Amino acid sequence: MSGQIPTQVTRAGAGRVKRRATAAVVLTSALVLAACSDEGSQGEEGASTAGGGPINLVVPFDPGGSADGTARQLAVYAEQACGRDIIVRNESGGSGTVGFQSVASSPADGNTIGIATIELSILPHLGVSPIGPDDVRGIMQYSEQPVAYAVLPDSSIEDIDELLTTDEDVPFATSGTGSIYHMGFAGMAQESGQDENLRNVPYGGAAGALQAVLGGETRAVSVGAAEMAPFVESDQLRALAIAGNERIEEFLPGVPTLQEAGLDWESYEILGLFAPAGTPDAAIEELNECFNEARQSEGFSNYMQNLGFTEEYKDAASFDEFLSEEYDRYQAVVDAAGLGGN
């Protein structure tokens, strides 16, 4: 890709302006000392190479979305826990590809990390991203929300059982071809044998998909449960089911899971943190420890709860395993949808 990547940079904390001059002196002194130190000490196997400088946190999506909002809130509380400034910047494009690649190609020293979404496990199968789970190291997962399916209140489709057995044409609004909300829809349609009657109609993001169904452009919509909940609460949409392993009564009361309808399909949008492949174990452990402390803070938990985001924690090893398993699982969905790019 030619040209510079447009970025938006903000400092997560406040009140540091007066300390910049002091920080510059300290940093200069540290660089002089580092230059005079024994070079051999820098390559100690397994040691953390993360220094005391700022942590660069890359959000692979535009400002204002769930990835961006949660990243900035997490950074606020992680600055204290990590004892370092955290600079959040947006590097969007290619459904996350630009930001994923930026982090993966950064020095593996623990100083540059990124927000991970499930698209890390999907996009390589579409041939639009060279970055997959093997090219990164997970730090932790901190959130998940199941994909949810809904229709207009006056729809002739009364419940999920009717959707899974209808012989009518049902166009579904999703957030774009290859997105998690498309894949969550496609997997449901394939598992139920309804991939001929249920059709994907891609829009530019979840907001666009929701507006499409509300405007009557499609008959149904597939987005995240948290994004759908306000429209269900205001009786603008009627939720049919969620693709989770249990109901979420606090956000979508009374809405069954696909499993309750006899369909073995789960699909989640997730949020987590990742680092470049080759980042030392010690650096991953340090980052996991302080960001997990921030995740458990009262302020961050309240933020997540107020916006309807479900907190779900996986440590670094479990997150790596999860991304790899999802990579294999979504390959079958992409191939069955005829979208495989590899």
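The values are calculated or read from the model by the stated rules, or taken from the named source; none is laboratory data. These numbers come from a predicted model, not from an experiment. Ideal geometry is used to build each Cβ from the backbone, glycine not excepted, and the neighbour counts take in all protein chains shown. Note: accessible area is taken over every heavy atom of the protein model, side chains too, but ligands, DNA and RNA are not part of it. Shrake-Rupley method; radii C 1.70, N 1.55, O 1.52, S 1.80 Å.
Would you check if there is a residue in region 252-264 being of a type in the set (S, T, N, Q), within 29 Å of G178 (Cβ to Cβ) and out of contact with any Lys or Arg (no Cβ under 9 Å at 6 or more places or on another chain)?
yes
Suppose we keep only residues that are part of a helix (DSSP H, G or I) and in contact (Cβ under 8 Å) with a residue 60 or more places away in the chain within region 96-107. Which one would you say is least open to solvent (accessible area, probe 1.4 Å)?
V103
Pick out the one residue from V255, V221 that is buried (at least 23 other Cβ atoms within 10 Å of the Cβ) and either outside any loop (DSSP other than H, G, I, E, B) or touching a Gly at 6+ places or on another chain (Cβ under 9 Å) (or both).
The conditions single out V221.
Is it true that some residue in region 145-157 is within 30 Å of N111 (Cβ to Cβ) and either crowded, with 19+ Cβ neighbours inside 10 Å or among the hydrophobic types (A, V, I, L, M, F, W, C) (or both)?
Within region 145-157, one or more residues are within 30 Å of N111 (Cβ to Cβ) and either crowded, with 19+ Cβ neighbours inside 10 Å or among the hydrophobic types (A, V, I, L, M, F, W, C) (or both).
Which one of these does G110 not meet: (1) under 19 Å from I270 (Cα atoms); (2) in a loop (DSSP other than H, G, I, E, B)?
Every condition holds for G110 apart from (1).
Inspect all residues belonging to region 109-123 and state whether any of them is under 16 Å from L323 (Cα atoms) and without any contact (Cβ under 8 Å) to a residue 60 or more places away in the chain.
Yes, some residue in region 109-123 is under 16 Å from L323 (Cα atoms) and without any contact (Cβ under 8 Å) to a residue 60 or more places away in the chain.
Could you please let me know if A207 is open to solvent by 10 Å² or more (accessible area, probe 1.4 Å), part of a helix (DSSP H, G or I) and of a type in the set (G, A, S)?
Judged against the criteria, A207 is a match.
Of everything in region 47-69, what is open to solvent by less than 50 Å² (accessible area, probe 1.4 Å), at pLDDT below 95 and not hydrophobic (A, V, I, L, M, F, W, C)? Give them in sequence order.
Listed by number, the residues that qualify are S48, G51, G53, P60, G65, S66, D68, G69.
Residue-by-condition table, conditions (1) outside any helix (DSSP H, G or I); (2) open to solvent by 50 Å² or more (accessible area, probe 1.4 Å); (3) modelled with pLDDT of 95 or more:
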residue: R199; (1), (2), (3): yes, yes, yes
residue: V213; (1), (2), (3): no, no, yes
residue: L263; (1), (2), (3): yes, no, yes
residue: F274; (1), (2), (3): yes, no, yes
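Looking at (1) closer than 30 Å to D161 by Cβ; (2) part of a strand (DSSP E or B); (3) touching a Gly at 6+ places or on another chain (Cβ under 9 Å); (4) of a type outside the set (S, T, N, Q), find the lone condition where I270 falls short.
(3)
So, in region 124-168, how many residues would count as being in contact (Cβ under 8 Å) with a residue 24 or more places away in the chain and either touching a Pro at 6+ places or on another chain (Cβ under 8 Å) or of a type in the set (D, E, K, R) (or both)?
Total meeting the criteria: 14.
Among (1) surrounded by fewer than 24 Cβ atoms within 10 Å (Cβ to Cβ); (2) at negative phi, where does I122 come up short?
I122 satisfies every listed condition except (1).
Can you work out which of the residues in region 285-309 that are open to solvent by 40 Å² or more (accessible area, probe 1.4 Å) and within 25 Å of S267 (Cβ to Cβ) is modelled with the highest pLDDT?
Of everything passing the filter in region 285-309, Y303 is modelled with the highest pLDDT.
Does region 116-135 contain any residue that is modelled with pLDDT of 95 or more, in a strand (DSSP E or B) and of a type in the set (V, I, T)?
No, that holds for no residue.
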